[in-house]
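Reading through the structure tokens given below for one structure.
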Amino acid sequence: MCGFGGYFGSVPDGKALLEKMTAAIAHRGPDEQGVFTAPQAGLGHVRLSIVGLGDGQQPMSDVTGELTIAFNGEIFNYVELRDELRAKGRRFRTSSDTEVILHLYDEMGEDCVSRLNGDFAFALWDNRRRRMLLARDRMGVRPLFYAMRAGTLYFASEVKALLQVPGLSAEIDPIALDQIFTLWAPIAPRTPFKDTFELEPASLMIADERCVVTRTYWNLEFPERDAPSRHVDEGQAAEELRALLTDATRIRMRADVPVGAYLSGGLDSSIVSALAASMAPQGLRTFSVTFDSAEHDESAFQHEMAAALGTDHRAVACRAGDIAKVFPDVVRYAERPVLRTAPAPLYQLSGLVRDSGLKVVLTGEGADEVFAGYDIFKEARVRRFCGRQPGSRMRPHLFRKLYPYLPGLKQQSSEYLAAFFGAGNDPLEDPLFSHRPRLKGTAATKMFFSGDLRARLAGYDAADELISRLPEAFGRWHPLHQAQYLESRFLLPGYILSSQGDRMAMAHGVEGRFPFLDHRLVEFAAGLPPEMKLKGLVEKHILREATKDLLPPSIGKRTKQPYRAPDSLSFSGRGELDYVRTAMGEEAIAAGGLFNAKAVTKLYEKCRARPASGFRDNAAFVGILSTQLWLQTFTGTSIRAAEAA
Amino acid sequence: MTETIKDSVKAFIIENFLFGDTFYELADTASLIENDIIDSTGVLELVAFIEDRFGIAMADADIVPANLDSLARISAFIAAKSAVPISA
């Protein structure tokens with residue numbers, strides 16, 4: 001793991017700049033730091049030592065001194081790659097995975113990334129060819145941001161390092177804000193910071209003195225809808241899946257420090273913990289979050305699973321008010337406005353892991369995207385049925401089955417639920433059919449945008465841009481695969497892995513590892529017939545089949561309960577914190593210029609008077625508050641307004 | 001009476017779901033769902049408002065889009081219910 005920053009171009013005092021950049025992201029690598037400078041290039045690194053504890057310092061150069069790398073992440077198949085390279089006569093000076101990348105690059109050039117199985121972002125300076133190579137892993141687990149300034153390319157693991165560059169300052173990008181308030185996440189390469197971008201997942205950037213070129217080296221692809229499937233035997237597919245998942249977990253246990261696991265009590269993290277426990281003769285340590293609201297708490301399942309596996313289990317209690325306490329830090333580390341508070345308990349959880357003396361955890365993240373676990377997939381199936389069978393008397397009743405854990409929906413009539421989900425109204429050929437209700441519901445939060453922001457957006461539509469970014473083959477895929485693509489390609493790296501994954505874990509110097517996002521497993525699952533993933537309205541069917549001997553039936557047969565946390569409720573009631581009142585106050589809202597101060601005041605009062613449980617009000621409250629905190633943290637806007645008032 | 005009901009409901013919708021946006025042109029027959037004015041929890045807020053403001057006890061069977069999905073429908077529903085004596 002770790003963090004890095006660097007540049008390619010002319011910088012007057014490169015070493016001093018690199019020191020500032022790395023200091024800004026010191027939380028990502030508390031164990032060591034280092035800088036490397038050459039004419040026209042510089043790399044800085046902060047290290048979280050996990051593999052090659054004594055000899056993996058970075059930036060690392062090869063034996064010739066011509067290749068130098070700064071690397072964030074892990075190459076899980078580095079042992080096999082090193083053996084291969086040794087067989088070709090290559091000699092290694094260290095036991096680290098970092099050196100493997102250097103040798104592999106020397107052999108293959110930038111195509112080396114195709115051999116890497118891991119979560120990585122790196123910058124590699126090739127002095128022979130006078131070029132800087134930036135690369136990012138296939139699913140977008142590890143971040144990599146960049147900006148151009150006066151002909152120099154700057155890059156870093158977090159934007160706060162880039163903000164150390166003279167002349168680069170934070171300004172919100174209105175288009176990115178519109179995208180977040182529609183899609184929950186910006187569409188890469190756009191970020192919330194104007195003129196600052198991120199390298200997209202599975203991409204390379206090559207910068208030399210002539211030009212900067214970006215290209216994709218891997219794509220998430222699904223078979224054509226009518227193509228015969230290679231996987232027709234369910235038992236065989238389950239067996240193959242089990243072998244892949246076991247190996248994905250095995251290589252993610254590789255570390256020179258102990259590896260723990262998150263245990264939510266749901267299917268995915270239980271599977272990962274069960275596999276990891278079977279591979280950890282010294283015992284496995286597991287970690288979870290508990291809530292004091294029954295709607296969110298899963299502690300009974302966590303205890304059951306921990307007891308079944310015999311793990312050393314610890315939990316952090318997320319009590320009323322805890323989310324509000326850490327939320328400013330959450331926004332500072334996430335570096336983006338968020339519409340939900342769900343990252344906050346994960347921030348607390350990584351703190352518990354760190355306090356427990358661990359710095360690596362396995363998580364079950366990614367299984368819902370890869371094996372079609374999200375409710376949105378079931379919802380789309382029901383909506384398609386309604387669209388095809390407008391006369392069916394089943395129509396309204398089907399929606400009751402979808403969200404049994406949402407108290408607000410439990411009280412709704414079937415007719416209303418059908419209307420909310422647009423059953424039968426949305427055109428079946430719409431590329432975003434599966435996501436339309438969510439997009440519409442989320443975009444309703446934009447009613448709070450100020451007149452000025454609306455004018456700047458000039459009718460921009462984030463959903464249209466999303467459509468324009470879909471691959472040509474998208475229309476030939478099965479509807480379930482289309483929905484999976486939208487989740488996996490956009491929301492996963494844009495929100496889940498960044499706001500809830502990397503940034504919340506690395507805030508406390510903890511590395512999350514994701515067996516379900518092993519690219520071999522992702523490719524295998526993409527090729528499975530849709531009905532092996534979503535069977536009727538049972539999600540992740542093939543995954544359950546492949547792992548049924550691993551879990552108690554109460555866990556293995558559990559219907560998915562999505563991970564959620566209390567939203568606007570976290571910020572009201574007894575002990576309301578001053579910063580909330582300030583940030584949501586009329587002066588600060590007006591100073592920020594992004595929202596309608598009068599409307600926000602009414603929303604704020606509504607949420608205080610009757611803790612809002614509706615999606616729109618909750619999302620708007622959290623989105624506005626986090627945007628205000630973003631402005632305050634990165635531009636100082638709201639602070640100045642409050643001080644001036 | 002109907003005009004008064006409609007004004008009262010309209011004021012509630014503007015205050016509670018449009019957060020004071022008086023420039024929003026809320027047509028009498030416009031669907032509150034399709035225009036994203038009301039979400040699933042909003043219906044419950046609307047029901048609570050009707051029960052409190054007009055003293056109507058709403059049965060589950062009443063809580064359907066046919067009765068509540070536009071200003072005109074809500075007003076007609078309240079007017080019809082109000083015409084029935086409570087003791088009936």
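The values are calculated or read from the model by the stated rules, or taken from the named source; none is laboratory data. Not measured: the values here are computed from a predicted model. Note: ideal-geometry Cβ built from the backbone for every residue, glycine included; neighbour counts use all protein chains shown. We work out accessible area using only protein heavy atoms, side chains counted, and drop any ligands, DNA or RNA first. Shrake-Rupley method; radii C 1.70, N 1.55, O 1.52, S 1.80 Å.
Overview of values
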item	result
Estimated inter-spin distance, A:E429 and A:K325, nm [label 7 Å along Cα→Cβ]	5.6
Diffusion constant of region A:228-344 at 4 °C, which comes from Stokes-Einstein with the Kirkwood Cα-pair radius and 1.567 mPa s, µm²/s	78
Surface per residue (accessible, 1.4 Å probe) for chain A, Å²	36
In Hz, Karplus ³J(HN,Hα) per residue of region A:464-476 (6.51, -1.76, 1.60; θ = phi - 60°; x = Gly, Pro)	4, 5, 4, 4, 5, 9, 7, x, 4, 6, 3, x, 9
Long-range HN-HN contacts of A:R314 with modeled amide H, under 5 Å	A:T286, A:F287, A:S288
Added length on full extension, which subtracts the Cα-Cα distance from 0.36 nm per residue, A:K194 to A:F474	97.8 nm
Cleavage-rule hits (GluC sites (Glu not before Pro)) in region A:166-211: DSSP loop, at most 11 neighbouring Cβ within 10 angstrom	A:E209
Residues along region B:28-77 losing 50 Å² or more of accessible surface when the other protein chains are present rather than the chain by itself (probe 1.4 Å)	B:I33, B:D36, B:D39, B:S40, B:T41, B:L44, B:P65
Loop-resident sites, region A:63-123, for chymotrypsin sites (Phe, Trp or Tyr not before Pro), counting at most 16 other Cβ within 10 Å (DSSP)	A:F92
Coil-residue trypsin sites (Lys or Arg not before Pro) of region A:170-245, DSSP, other Cβ within 10 Å capped at 11	A:R210, A:R230
Cα centre as origin, Lys/Arg/Asp/Glu Cβ charges: region A:23-75 dipole, Debye	200
Alpha-carbon Rg with Dmax, taken over chain A, Å	24.2, 74
Amide proton proximity set for A:S203, modelled H, under 5 Å, gap of 5+	A:R136, A:Y217
Paramagnetic reach from A:V257 in region A:473-505 [backbone N under 17 Å; point 7 Å along Cα→Cβ]	A:502-505
Cα-centre dipole for the protein assembly as shown with unit charges at Cβ (Lys and Arg positive, Asp and Glu negative), debye to 20	380
Residue-count net charge about A:S49 - beta-carbon cut-off 13 Å; Lys, Arg +1, Asp, Glu -1	-4
Leading residue at positive end of dipole, chain A (Cβ point charges), from A:T559, A:A255, A:G118	A:T559
HN-Hα J in Hz across region A:229-236 - Karplus 6.51, -1.76, 1.60, θ = phi - 60°, x for Gly and Pro	7, 6, 10, 9, 9, 5, x, 5
Solvent accessible area, Å² - A:R86, 1.4 Å probe, full protein context	120
Region A:209-263 - Kirkwood radius from inverse mean 1/r over Cα pairs (Å)	16.0
Cα centroid separation - region A:279-294 against region A:522-597, whole Å	19
In Å², nearest 10: area of A:H478 left accessible to a 1.4 Å probe	50
Lys, Arg +1 and Asp, Glu -1 on Cβ, resulting dipole of region A:1-125 about Cα centre, debye, nearest 20	200
Integer Hz, Karplus 6.51/-1.76/1.60 couplings in order for region A:292-300, x for Gly and Pro	8, 9, 4, 4, 10, 7, 10, 5, 4
